[in-house]
Amino acid sequence: MTRISNFKRVQSIIRERTSNNKLLTILSFVFAFILILSTIVFPNINYTIKAKVVDYSSGIINSLYSPINTINRSATNLYNIINVHNLNKKLRLENQKYELLNNELIILRNKNKKYKELLNISKDIEYKFVTAKIISKSNLAYTKSVILMSGKNDNIKNRSPVIYDNSLIGYINDVGNTSSRLISITDALVKIPAIIVDKNLKIIVSGNNNKYLEILNINDLTLIKEGDKVFTSGDGNKFPENLFVGTIRIKKNGDFIIEPSFDLNSLNYVKILDWSLKNRGIDIKTDPIFYD
Amino acid sequence: MISLKYMSFYSIIISNLKYLIPLLASLFFSIITIMPIMPIGYESIAPLLGVVSMAFWIMHRPDIMSWFFVIIIGFYCDILYGTILGSGVLSSIIIRFVITKVLYKLEPINIYHTLFYLSTSLFIWLFVSVSINSIINLEAYNFFNTFFQGLISIIISPIVIFSQLYLLKKISI
């Protein structure tokens, strides 16, 4: 290692030291500070720059992602094949439970339908969606986001909720023409108005750049139990209501946390909901502060 | 005569293309960082290969890995990782400044020096990125994951070092 480049290295160090680049050093630092300040002052310009650059590199990212993901999946599949016997045993037990629950569900669904007809309740909104491919992974400890291979060309809009199997995954943050960035619900920036339906208890769920979600603003802890299901409440017009967020778990120190329904890194495709006013069933003039 | 002129023009471009290798290698490793390279469940502590690559070139060829290239890498990392624009730029500028102005000695470097410089670079990157992101967003961060991300990066770094030593050798010839 020492032999390979020692001469060139010493040469380059001398060149580096003899060249008077104090001005360049100062300029570089000034540029970095201006960039950070501009992010705070002009966030929209920064979003545009980010979206454009991701757009241009999405082709390269996608072409690298597919083969690497195939290799990674193969390794995971190999692990599953080895553990197939134990998994089968576990799944059979779970399946028995779900069969019983399914019977109850059919009866409840039928009752619910009849009640709705009796009360003449208007039909639920069915949101339009676009299915988008994930082309990167959320691999950093201090931010949780991935790049999607869909953008403005596919009618994707900023701040649209992203779901998978009726579970909330996150929302769109930057939108380019052919790509966009999905911020996961586990990111520290994300706050979700949620509800524990069984107890009619409203909470605010927050990401913390960890695997699990935190509960904010909780007053009465005695009501919550391990295994409780958390859904979006629809408050604040940020996410639709009744999307599954996760299940309550208890930490060793007794604190409550929420285990998200899906790990973003285990998904290949997600659904981006059309979150425009029209698609939400709002066709009157509204205050953009509350609805956009 | 004209074709000879063009030949010399293109040969100048081609002969100088090798000086783009450090930049391209660092950008390539930055992209690899957001690829599914880790087993499921351990993604949040994936190695920061782009930072390792950038620090390697600053150590060995600071004349090629200029301030401008370092800014490009930091900028691209910010965009790829979705962090605050400028945090990666500032981190990479500080890394270059620390390595070339503070740590650098003229004695030949061995693998231990390399690992020490890399560890310092990773520490700077994580510290600056996490600080800026937590100051601006006013959020508490998971410092355990950040620590282990740094640690995994150091453990994986020899792969990047040895693959880039080959490139360094090619450039130096």
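Computed from the coordinates by the stated procedures, all read-outs in this text should not be read as laboratory data. Values in this document were obtained by computation on a predicted structure and should not be read as measured data. All Cβ positions, glycine included, derive from the backbone under ideal geometry; neighbour counts span all protein chains shown.
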| field | Which of A:Thr178, A:Thr247, A:Thr131 has the fewest Cβ neighbours within 10 Å, and the rest in rising order | value | A:Thr131, A:Thr247, A:Thr178
| remark: With -39,500 (n - 2.57) per DSSP H segment of 4 or more residues and division by the full residue count of chain A, the 222 nm estimate, nearest 500 deg cm²/dmol, is -14000 deg cm²/dmol
| message | Within a 10 angstrom radius of the beta carbon, how do A:Thr222, A:Thr76, A:Thr186 rank from fewest other beta carbons to most? | response | A:Thr222, A:Thr76, A:Thr186
| query | Within chain A, which complete DSSP H helices have Cα atoms spanning at least 27 Å along the helix axis and a mean Kyte-Doolittle hydropathy of 1.6 or higher? | reply | A:22-41
| A:Lys128: which aspartates and glutamates have alpha carbons under 13 Å from its alpha carbon, excluding same-chain residues fewer than 8 sequence positions away? | A:Asp154, A:Asp274
| said: Run the reach check for A:Lys114 against aspartates and glutamates, Cα to Cα strictly under 18 Å, same-chain hits fewer than 8 apart removed. What comes back? | reply: A:Glu104, A:Asp124
| note | Relative contact order as a percentage, chain B, C-alpha pairs under 8 Å and 6+ apart, gives 26
| request: Would you mind checking A:Lys111/A:Lys251; A:Lys90/A:Lys252; A:Lys157/A:Lys225 for any pair whose Cα atoms are more than 28 angstrom apart? | output: A:Lys111/A:Lys251; A:Lys157/A:Lys225
| field | Residue order, fewest to most beta carbons within 10 Å, for A:Ile71, B:Ile154, A:Ile192 | value | A:Ile71, B:Ile154, A:Ile192
| To the nearest whole number, what is the average tally of beta carbon atoms from other chains within 10 Å of the beta carbons of peptide B:38-50? | 5
| query | Is segment A:201-278 rounded, prolate or oblate when judged by the Cα gyration tensor, a ≥ b ≥ c being the square roots of its eigenvalues, rounded requiring a/c under 1.5 and prolate requiring a/b larger than b/c? | reply | oblate
| query | For segment A:194-261 and segment B:71-89, what is the separation of their Cα centres, given in Å? | reply | 33
| query | Of B:Ser15, A:Ile135, A:Ile34, which is farthest on the positive side of the dipole of the protein assembly as shown, counting Cα position, with +1 on Lys and Arg Cβ, -1 on Asp and Glu Cβ, and the Cα centre as origin? | reply | B:Ser15
| query | Quick one: if the Förster radius is 45 Å, what FRET efficiency do A:Ile34 and A:Tyr79 give, using the C-beta to C-beta distance and rounding to 0.05? | reply | 0.40
| query | How far is helix B:87-97 tilted, in degrees, relative to the longest principal axis of the Cα atoms in chain B, given as a value from 0 to 90 rounded to the nearest 10? | reply | 60
| query | Can you work out the FRET efficiency for the pair A:Leu87 and A:Glu126, with r the C-beta to C-beta distance and R0 = 30 Å, to the nearest 0.05? | reply | 0.30
| the protein assembly as shown, dipole about Cα centre (Lys/Arg Cβ +1, Asp/Glu Cβ -1), debye to the nearest 20 | 1080
| field | Acute angle (nearest 10 degrees) that the helix B:2-17 long axis makes with the longest principal axis of chain B, alpha-carbon atoms | value | 30
| request: Sum -39500 (n - 2.57) across every DSSP H segment of at least 4 residues in chain B, then divide by the residue count to get the 222 nm mean residue ellipticity, nearest 500. | output: -24000 deg cm²/dmol
| Rounded to 10°, Cα long-axis angle of helix B:49-60 versus longest principal axis of chain B | 50
| said: Can you compute the FRET efficiency between B:His113 and B:Leu17 using 1/(1 + (r/R0)^6), with r the Cβ-Cβ distance and R0 = 22 Å? Round to the nearest 0.05. | reply: 0.15
| query | A:Lys199 versus A:Leu267, label points 7 Å from Cα toward the beta carbon: distance in nm? | reply | 2.7
| query | Which aspartates and glutamates, on any chain, are close to A:Lys123 with Cα under 17 Å apart, when same-chain ones fewer than 8 places away are left out? | reply | A:Glu241, A:Asp283
